[in-house]
Amino acid sequence: MSKTLYDKIWDDHLVHTQDDGTSLLYVDRHLVHEVTSPQAFEGLRNSNRKVRQPNLTLAVADHNVPTSDRSKGIYDEESKLQVETLEKNCEEFGIKLFGMNDKRQGIVHIIGPEQGFTQPGSIIVCGDSHTATHGAFGSLAFGIGTSEVEHVLATQTLVQKKSKNFRIKVDGKLSIGVTSKDVILQIIGKIGTAGGTGYVIEYAGSLISSLSVEQRMTICNMTIEGGARAGLIEPDQKIFDYLNGRPMAPKKENWDKALDYWSKLKSDNDADFDKEVTLEGKDIVPMVTWGTSPQDVISIDGRIPNPENEADEDRKNSIERSLKYMGLKPGTAIKDVKIDKVFIGSCTNGRIEDLRDAAKIIKNKKVAQHVYAMVVPGSGLVKQQAEQEGLDKVFKDSGFDWREPGCSMCLAMNADKLKPEERCASTSNRNFEGRQGRGGRTHLVSPGMAAAAAISGSLDDVRKFQN
Amino acid sequence: MQKFKTIKSIPAYLPIVNIDTDMIIPKQFLKTIKRTGLGKNLFYEMRYNEKGTLINDFILNTSPFNNSKILIAGKNFGCGSSREHAPWALLDFGITCVISSSYADIFYNNCFKNGILPIVLPEAKIKELSEYSKRKEEIIVNLEEQKITFGNNEIEFEIDRFKKKCLIEGLDDIALSLEKNPKITEFEKKLSSKRPWIFND
């Protein structure tokens with residue numbers, strides 16, 4: 001019977017299946033961070049259980065870490081306790097940890113690929129919904145809750161029921177100024193925030209294969225914003241080249257064996273998908289969100305929608321609620337919306353190519369006077385690379401703040417947050433109410449669009465700034 | 001985990017779609033290293049103003065809904081972050097049953113790990129129940145019989161057989177999986193020859 005890539009990975013990880021289809025799957029890679037793990041380790045201790053495979057587990061503190069000077073440690077007592085708890089737990093249970101002052105520290109979904117810990121065909125989990133990111137390597141990667149984190153620590157397996165198969169095909173080419181962030185925002189706008197619920201998405205088509213590894217990560221990262229827990233892409237030579245030589249990638253004869261296995265990871269030509277959606281590259285333009293759900297998206301040439309035009313009562317109420325929260329009026333051109341802050345970073349857009357994209361736009365220009373703009377590299381190694389390329393200087397010269405790596409204002413658990421009614425052009429992944437700070441207003445955009453907004457002081461079209 | 005028993009409670013209705021886990025429990029409360037104590041911060045930004053004072057007209061702040069064990073809400077409940085703090089906060093507040101027309105996958109699974117029953121009903125039934133909730137009368141959720149009783153009416157609901165068993169018996173997932181230890185060990189043996197690079201040694 002023909003199978004999808006998801007079917008194949010699933011089958012290769014089956015430890016046991018009950019009559020009703022509930023299955024026990026083996027987990028190859030487990031990423032751990034400080035926010036969703038303390039209760040899991042506590043649970044292990046209370047039941048006198050060990051971590052079954054510490055060497056398949058990698059930990060890092062990212063959500064709570066300060067992105068300013070770290071020499072004084074963490075100011076916030078609770079954040080400090082959480083980070084210290086992770087350190088203690090890792091020591092007690094024998095788990096490798098990248099500490100706050102390790103240059104390999106960074107956002108969990110950036111360091112996994114960076115270290116070669118993320119590998120094709122593997123099942124990767126983490127107590128974080130953006131684990132979907134790792135699907136860019138052709139792995140089955142998804143977020144889990146803390147009880148499941150404990151389950152994986154204790155058993156190296158997870159109890160799952162199979163999802164359905166959903167293929168999203170994007171053909172053609174990206175136009176100038178358009179990025180994979182615009183592709184995924186457009187997809188979410190099309191399928192809706194619950195469009196992928198119950199499915200695993202496979203992204204396919206000529207445009208997807210033309211993307212770089214990092215661009216693919218941006219797409220898979222936001223799969224969860226379309227409701228699907230996991231999104232994956234068939235691995236190809238770009239993926240293998242990216243992994244070759246990374247510290248935790250297979251070596252010598254193992255590399256050859258891995259490559260042989262990885263090269264076969266693809267959906268069969270006649271595999272059945274339960275749902276399919278197709279997009280054309282030529283129709284994809286720079287996108288921006290106007291509301292409080294990632295599905296509330298329009299093109300940068302668009303206008304704020306009018307709830308009165310909605311027939312569906314739920315949708316109408318939801319638009320009204322969003323507009324009230326966002327302080328926006330129907331019919332306003334999105335380009336006329338003035339911003340206060342710019343945030344470039346996160347597991348969606350905090351990698352080196354993202355910083356290069358933004359730097360290209362901002363070079364020799366200034367951040368608008370009324371705007372505070374910050375860049376938070378996704379990891380210590382991204383930061384180091386950017387500094388070697390002189391990108392830090394480009395950002396600083398134009399008035400950007402250049403920070404230490406972490407999750408930062410994507411979810412505002414550390415000191416970086418919006419004040420009530422402050423409006424931000426952000427390269428992160430969620431524009432939920434209060435996400436970047438109570439009352440804060442988020443517009444999701446690509447790194448280039450964030451840079452354009454920083455210069456103009458209002459949401460703007462990145463294509464205007466192309467050299 | 002607590003065994004799930006039949007619930008009798010006046011349900012609270014929150015007529016909002018796409019309630020995300022940031023709304024259910026905002027990030028500042030994720031800094032805890034415990035599972036308990038989050039109930040007072042449930043729906044924090046809707047329940048309290050910026051000074052931290054209770055917002056009187058928010059449903060869960062008004063009697064009798066401040067004692068509700070059942071929450072009825074709009075579709076795609078629990079979307080966004082995987083934080084299990086969301087079900088922990090619901091549970092700590094006293095809510096052990098959520099009724100909606102759909103849920104985000106991770107939240108849905110997290111509920112079962114904490115003895116919370118998430119019921120899926122068609123939109124029309126949600127409407128019926130939410131109308132009824134205005135009467136401030138108790139309804140009964142019986143998981144054993146997969147039935148909601150309100151007044152003289154009944155609604156049946158579907159639920160995964162295994163998940164139902166786990167809730168009713170309050171089973172410990174990890175203990176169940178550890179019973180399959182020989183199978184896991186056997187799988188690992190095969191894995192080290194089939195995909196040896198996984199163990200990186």
Quiz item: What number, rounded to the nearest 500 deg cm²/dmol, is the helix-based mean residue ellipticity at 222 nm of chain A, given -39500 (n - 2.57) per DSSP H run of at least four residues and division by all its residues?
Solution: -9500 deg cm²/dmol
Practice problem: Assign one of three labels to the stretch A:362-444, namely rounded, prolate or oblate, based on the Cα gyration tensor with a ≥ b ≥ c the square roots of its eigenvalues; rounded applies when a/c is under 1.5, prolate when it is not and a/b is larger than b/c, and oblate otherwise. | Solution: oblate
Quiz item: How large are Rg and Dmax for the stretch A:26-85 when only the alpha carbon atoms are used, in Å?
Solution: 13.7, 41
Quiz item: Dipole of chain A (Lys/Arg Cβ +1, Asp/Glu Cβ -1, origin at the Cα centre): which of A:233, A:333, A:36 lies farthest to the positive side?
Solution: A:333
Practice problem: Pairs of Cα atoms under 8 Å, at least six residues apart: use those to get the relative contact order of chain A, whole percent. | Solution: 17 percent
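Per residue, what volume in Å³ does the convex hull of the Cα atoms of the stretch A:287-351 enclose?
101 Å³
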Quiz item: Using the Cα gyration tensor of the stretch A:322-467, with a ≥ b ≥ c the square roots of its eigenvalues, what is the shape: rounded (a/c below 1.5), prolate (a/b larger than b/c) or oblate (neither)?
Solution: oblate
Quiz prompt | Across A:8/A:164; A:324/A:417; A:181/A:266; A:335/A:363; A:8/A:161; A:169/A:190, pairs whose alpha-carbon gap is larger than 18 Å | solution = A:324/A:417; A:181/A:266; A:335/A:363
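Where a ≥ b ≥ c are the square roots of the eigenvalues of the C-alpha gyration tensor, would you call the protein assembly as shown rounded, which needs a/c under 1.5, or, failing that, prolate if a/b is larger than b/c, or oblate?
Here the protein assembly as shown falls in the rounded category.
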Quiz prompt | Taking A:243, B:90, A:24 and counting other C-beta atoms within 10 Å, the order from fewest to most | solution = A:24, A:243, B:90
Quiz item: Given the stretch B:1-139, what whole percent of its Cα pairs are spread farther than 26 Å?
Solution: 16 percent
Quiz item: Relative to the compact globular guide of 2.2 N^0.38 Å, what is the alpha carbon radius of gyration of the stretch A:71-133, as a ratio?
Solution: 1.27
Quiz item: Taking each residue of B:30-38 in turn, how many C-beta atoms of other protein chains fall within 10 Å of its C-beta, and what is the average?
Solution: 6
Exercise. Obtain the nm distance between the two label points defined at residue A:314 and residue A:241 by a simple spin-label model: each point lies 7 Å from its Cα along the Cα-to-C-beta direction.
Key: 4.6 nm
Quiz item: What is the dipole size for the protein assembly as shown, taken about its Cα centre, with +1 at each Lys and Arg Cβ and -1 at each Asp and Glu Cβ, in debye to the nearest 20?
Solution: 820 debye
Quiz item: Tell me, what is the FRET efficiency for residue A:270 and residue B:160 to the nearest 0.05, using R0 = 41 angstrom and their Cβ-Cβ distance as r?
Solution: 0.85
Quiz item: By counting other Cβ atoms within 10 Å of each Cβ, how are A:75, A:26 ranked from fewest to most?
Solution: A:75, A:26
Quiz prompt | Gap separating the Cα centres of the stretch B:178-194 and the stretch A:28-83, nearest whole Å | solution = 27 Å
Quiz item: With a 10 Å Cβ neighbour count serving as the proxy for reagent exposure, in which order, fewest first, do A:169, A:366, B:134 appear?
Solution: B:134, A:366, A:169
Quiz item: Which distance in nm do the two modelled labels at residue A:103 and residue A:161 give, with both placed 7 Å along the Cα-to-Cβ direction?
Solution: 4.9 nm
Quiz item: Any idea how far the Cα center of the stretch B:154-174 sits from the one of the stretch A:110-129, in Å?
Solution: 32 Å
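Determine the dipole magnitude for the stretch A:41-109: charges of +1 sit on the beta-carbon of Lys and Arg, -1 on that of Asp and Glu, nothing else is charged, the reference point is the Cα centre, and the result goes in debye to the nearest 20.
Working: 11 positive and 11 negative charges, 81 e Å.
Dipole of the stretch A:41-109, to the nearest 20 debye: 380 debye.
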Practice problem: May I ask for the angle, rounded to the nearest 10°, between helix B:181-194 and the longest principal axis of chain B, with both axes built from Cα atoms and the value confined to 0 to 90°? | Solution: 60 degrees
Quiz item: How big is D, in µm² s⁻¹, for the stretch A:254-334 by Stokes-Einstein at 37 °C and 0.692 mPa s if Rh is the Kirkwood radius over C-alpha pairs?
Solution: 199 µm²/s
Quiz item: To the nearest 20 debye, what is the magnitude of the charge dipole of the stretch A:1-90 about its Cα centre, counting +1 on the Cβ of each Lys and Arg and -1 on the Cβ of each Asp and Glu?
Solution: 340 debye
Quiz prompt | For a label point 7 Å along the Cα-to-beta-carbon line of residue A:332, residues of the stretch A:339-376 with backbone N under 12 Å | solution = A:339-340
Exercise. Take the alpha carbon atoms of the stretch A:349-364, find their center, do the same for the stretch A:408-426, and report the distance between the two centers in whole angstrom.
Key: 20 Å
Practice problem: Grab the beta carbon distance between residue B:144 and residue A:72, set R0 = 51 Å, and tell me the FRET efficiency rounded to 0.05. | Solution: 0.35
Self-check item: Rg ratio (alpha-carbon, reference 2.2 N^0.38 Å) - the stretch A:166-219
Solution: 1.10
Quiz item: Scaled to the compact-protein estimate 2.2 N^0.38 Å, what is the alpha-carbon radius of gyration of the stretch B:3-82, rounded to two decimal places?
Solution: 1.15
Quiz item: So which aspartates and glutamates pass the test for residue A:396, namely a Cα distance under 15 Å, with those fewer than 8 places away in the same chain ruled out?
Solution: A:387, A:404
Self-check item: Cross-link pairs A:282/A:338; A:419/B:125; B:3/B:189; A:3/A:238; A:96/B:183; A:162/A:264 - those with Cα-Cα distance over 32 Å
Solution: A:419/B:125; B:3/B:189
Exercise. Compute the projected area of the convex hull of the Cα atoms of the stretch A:78-177, averaged over all viewing directions, and report it in nm² to one decimal place.
Key: 9.7 nm²
Practice problem: Partner chain Cβ atoms within 10 Å, averaged over the residues of B:98-105 - can you pull that number for me? | Solution: 4
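Each reported figure results from applying straightforward, stated rules to the coordinates on display, with no laboratory input. Given the structure is predicted, the values throughout are model-derived calculations rather than measurements. No Cβ is skipped: glycine too gets one built from the backbone with ideal geometry, and neighbour counts run over all protein chains shown.
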